[in-house]
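The values are calculated or read from the model by the stated rules, or taken from the named source; none is laboratory data. Keep in mind it's a predicted model, so treat the numbers as computed, not measured. Using ideal geometry, Cβ is built from the backbone for each residue, glycine included, and neighbour counts are taken over all protein chains shown. Surface areas here come from the heavy atoms of the whole protein model, side chains and all, with no ligands, DNA or RNA. Shrake-Rupley method; radii C 1.70, N 1.55, O 1.52, S 1.80 Å.
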Amino acid sequence: MVTKESIEVIAQSIGLSTLSPEVSAALAPDVEYRVREVMQEAIKCMRHARRTTLMAHDVDSALQFRNLEPTCGFTSSKSTRFKRAPEHRDLYFLDDKDVELKNVLEAPLPNAPPDASITSQWLAIDGIQPCIPQNSPLQAISDLKRLEYKEDPLAARHVLSKELQLYFDKVTEWALTLPGSTLFRQALASLETDPGLHPLLPFFTCFIAEEIVRNMDNYPILLALMRLARSLLHNPHVHIEPYLHQLMPSIITCLIAKRLGRRFSDNHWDLRNFTATAVGSTCKRFGHVYHNLLPRVTRSLLHTFLDPTKTLPQHYGAIQGMVALGLNVVRFHVLPNLEPYLQLLLPEMVPEKQKDEAKRHGAWLVYGALIVAAGRCLYERLKTSQTLLSPPARSVWKTDGKLTNPRQSKRKASSDNLTHQPPLKKIAAEGTMVMTQMHGAIVPAPQQSLVGRDIAPRTSATLTTDVDNFLFPLFDYFGESMLMFTPKHELNVFL
Amino acid sequence: MDPELVDEFVRGYLKKKGFNSSAKAFEEDLHHNNGSSFSSIDYHNDPELTKLIRSFSQSKDDPTQYRECYSKLRSWAYNSLDLYKHELLRVMYPVFIHCYMDLVGKGHTQEARAFFNSFRKDHEMIHLRDLQKLEGVLAPSHLEEMEFACSLRQSKVNIKICQYSYDLLLQYLHRTESTLMLGIINEHINFQVYSGQPNSASDDIEAVTIVGSFQDKANHINQKEIQWGLLEDSLEDRLEKTGLLSDSEKGQGESKDGDMDDSKKRASEIGKQGSSLKKLKKDKAGNATAKVVRQETSTVSPAPRVKSELALPVMSTEVEQSILEDLRNRVQLSSVAMPSVSFYTFVNTHNGLNCASISHDGSLVASGFSDSSIKVWDMAKIGQAGSCALQGENDTNDQIVGTNGRRSYTLLLGHSGPVYSATFSPPGDFLLSSSADTTIRLWSTKLNANLVCYKGHNYPVWDVQFSPFGHYFASCSHDRTARIWSMDRIQPLRIMAGHLSDVDCVQWHPNCNYIATGSSDKTVRLWDVQTGECVRIFIGHRSMVLSLAMSPDGRYMASGDEDGTIMMWDLSTARCITPLMGHNSCVWSLAYSGEGSLLASGSADCTVKLWDVTSSTKLTKAEEKNGNSNRLRSLRTFPTKSTPVHALRFSRRNLLFAAGALSKPAS
């Protein structure tokens, strides 16, 4: 390991320019032997400090055993990281980062390290490892799986410990009696994080399904049940996939049911929104394991959406659900059907045609949901294709003073746009505002962007046509409100 | 062959070996006879002899010879019949290391290095640690300096080999005239030839281990008689005699102290009442069944009783009563009745936690840090104070500090180097700690102060252990000694010298007459405390021994090493009953359950494992007859959440306590 050459280099570095080759040849093996000797002692120190990584002070104490001076300047509380030198197989060096002195001086004082403390937990009770967050979660799940395969389903209740039974009884009781209380909120938090709940899953699934059927007209309970389902779906420790096929229909029901809640004050729109996000996150999380989950949900939603006999709230739920499922779903299923649907919807929105205030309100909400769905699609699309729009835009609009720094403005704009996604209800109002402001500029928009696209490189021709296909109809349907979803800098292109 | 040439060889050989006068005589002889040979041995005409002479001349000092011969032998061994292959391969390792050391000894550093590197892969699996040591030896002076190399050079390796393999080997060596290999094998290997079929591969540990010169010595030492029985008139003894008291009394005591137990648990663990209640019920049930078992075992093998050779301290009646109470209410464990494990996790130790120790009742936890501090936690108090804080799941770090902002532990300062070990006296009123500053300190847990500083070791003290009855304690150190002390004297009472490297761990025999020490020389030794003599040497580990435990009946001992192997030894025969494979990193801690039916092991691989001792000892007897390999049964594995397990302790009631420092996985 230690070669003659390295001895010579070391000799030179300490000022010995003339070192005879015999000396270095004799020194090299000896140096190596001594280094190994020290390392052997250092490893002993490491073992007695109950560690498996060697640290600098282990070497120091090993040197102390031999009455040698310890090394200076290498101690660190963290384990040091070595990097392999490129082009060498077994040459490593310390990865020493350059630190700006100014940054070090200006950095705020670090917090005092927290003091050592101790916690206790049950690693096992009568030889069985309890499923608590302090214990290793992986083992717990695999254990449970094994249990599951062994027991037949009828005997499942016997496996359930008393604690879990009590837990289930309490949580279900709260869900039905005190859905708004802090107690229930804490129970939800526990459902979301506790690793030991797996055995309860079939019971919860069953409970949710039954109670939803029974409480279709009880809004608070429905909401509580949905929150319960969502918490379970979010729990990373439980193995919920086998129960999804039972759980999903109940959830979808809450999304596209004809009536949710009995009273007029029940805000079933909120419930539908909430459920939609739950459906979306579920499909994202389990889509890859449960491959036909997404198609099945989409189909049932689309079915509702395309059925003109369904009520507007049902349509609303379907649209929100599809938005939550992802923009691709919207693009392939909603946008192509937009035109005929709008023809049905628009009359509902006008006071002259639809006398019922509530229905008109619903129609407007559906309209808003559609705008958001389409607008998001548009925004995504423009963002991905902005490379194709921006360069020509710059060349064309160079004279424009606002565009001197397009890159920067673009970044700012997009972040603005994301954070300022207006909540649903404001859309209409703000939309009209934007409309009045930009009224004059709207008409020539398509032509100008056409100019831009003409100069665009040919490689992105397909993309351009794609943008064409759904972008401009959108403007036809929704008009100015689409501008809200156009990234600002692309907006400039249109203006 | 040309006679002239042969003459030349002989002359050169004699000169080289320094036989100048004989060389002269030889030359005179040559001149005198002038070619017509009348010497007593007609070496010119004897082809065998000529060959031999020639091979001598060839093997002069040629370093490449070693390589050639070794690789030939190697390829022959690897191509031999499968049945005999593993036996022949055993020969390769000693030949390999001696070839290497020969080369080094003759000063061929480059060749030695090349030779070593080209063949080390073959032996890495079994002998990695030895190879790492030898790798650094590069000059003849190192050979003399390094004890390991010296002992290898001086001693012979014992290899068990069957008759047929032995014949095969000899045949090969003669046929190929590889005198070099023959020489090495003759010089350094001692074959123990047995007739019959070769043993199945890999189960025979003794056949592969290479030990120093003390194999014979060890065999001799292991002949000595030892009394492994328990002390007569010990508490267990008394309990067994008065034993099995009336059941009604027992039931009463149980329920009472069930409450005590329960309150303790409640203190340390909130929100588990349900489970602990359940556990209590189970315990009772377990007790009922286990009583029968105990009767059985006591009739089957009454452990012999021995007298203590040490003057044992007198126990206060209160302590005695409480211990008896505990023993009476011990949960009987077996492969079907598993213990509960309470785990103490240290957080925010910043890699500084060197050791942890749990008192016999589990209420006190002492930890030694590399910043020379010792911190003692009273778990009962923490349980009360932090009861509400513990509910918040993960962020207990800050909250556990007491209500008025004071720290939750007692800080003991006094050492001036990393603290490597700590141990509680059986009643829990004293604490001993050992440190890199070569001292051992005695602390009072009542006064929270340092009482005595014991100086005697010359190097860091790796381990210290109180005797099972208190008062006496044993320590072991980097200076290769283990020492026996008593609390009232500042000098050691006995010094046990004999290990060839650091003594890393020490453990008392339950009858106090012996201590066991584990060392970096890969052996475990048993010492008589009264005489200070080594009475047993246990050979078999392949790396540094890190932990030891004695079974409560005094018959068996378990030792764990750096590679994760645990070995269970029979003290009287000094044989390994069974190796326990399962851990894949250092075994930091071992503990037998109160009645000796289970062995718990804690390791750096973040698991606590439980092993079935009773079935395995029975099994081995049965299986020895069949000649099968035997493995002790692993019952359970409890993984922790990235917490290496530093300490284990079965309480007198058989609740298992474990402790370790949470180590964040490298991000």
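General remarks:
- Overall, the anisotropy analysis places segment A:163-325 in the oblate class: the square-rooted eigenvalues a ≥ b ≥ c of its C-alpha gyration tensor yield a/c not less than 1.5, with a/b not exceeding b/c.
- Shape call, segment B:311-382: gyration tensor on alpha carbons, a/c limit 1.5: oblate
- Neighbour-limited loop hits for trypsin sites (Lys or Arg not before Pro), segment B:467-510 (at most 14 other Cβ within 10 Å; DSSP other than H, G, I, E, B): B:Arg489
- The separation of segment B:100-115 from segment B:170-188, counted between C-alpha centres, amounts to 20 Å.
- Farthest toward the positive end of the dipole of segment A:247-375, out of A:Val330, A:Ala276, A:Tyr367, is the Cα of A:Ala276, where the dipole comes from beta carbon charges about the Cα centre.
- In this view, the solvent-accessible surface of A:Ile14, computed with a 1.4 Å probe and all protein chains in place, comes to about 120 Å².
- Most to least accessible of B:Thr64, B:Thr410 (protein chains only, probe 1.4 Å): B:Thr64, B:Thr410
- The alpha carbon gyration tensor of segment A:4-101 gives principal lengths a ≥ b ≥ c with a/c of 1.5 or higher and a/b no greater than b/c, which makes the shape oblate.
- Size of charge dipole - segment B:63-212 - debye, nearest 20, with Cβ of Lys, Arg +1 and Asp, Glu -1, no other charges: 260
- Take the Cβ atoms of B:Lys664 and A:Thr18, set R0 to 51 Å, and the FRET efficiency comes out at 0.50.
- Whole-Å distance, taken between Cα centres, linking segment B:432-504 and segment A:180-239: 59
- Among the listed pairs B:Lys121/B:Lys224; B:Lys24/B:Lys106; A:Lys4/A:Lys83, those whose Cα-Cα separation exceeds 32 Å are B:Lys121/B:Lys224.
- Counting only other chain Cβ atoms within 10 Å of each residue's Cβ, the peptide B:336-347 averages 5.
- Accessible area that becomes buried as A packs against B, both chains, 1.4 Å probe, Å², nearest 100: 5600
- The 1.4 Å probe gives accessible areas that order A:Leu68, A:Leu222, B:Leu364, largest first, as A:Leu68, B:Leu364, A:Leu222.
- For B:Leu590, the shell of other residues with beta-carbons less than 15 Å away shows a net charge of -4, using +1 for Lys and Arg and -1 for Asp and Glu.
- Separation between Cα centres of segment B:548-576 and segment B:310-366, rounded to whole Å: 21
- Greater than 21 Å apart at Cα, pairs in A:Lys44/B:Lys641; A:Lys44/B:Lys375; B:Lys217/B:Lys522: A:Lys44/B:Lys641; A:Lys44/B:Lys375
- Charge tally around B:Arg153: other residues with Cβ under 11 Å, Lys/Arg +1 each, Asp/Glu -1 each, net -3.
- For B:Asp605, neighbours were defined as the other residues whose beta-carbon sits under 14 Å from its Cβ, and their charges (Lys and Arg +1, Asp and Glu -1) total +1.
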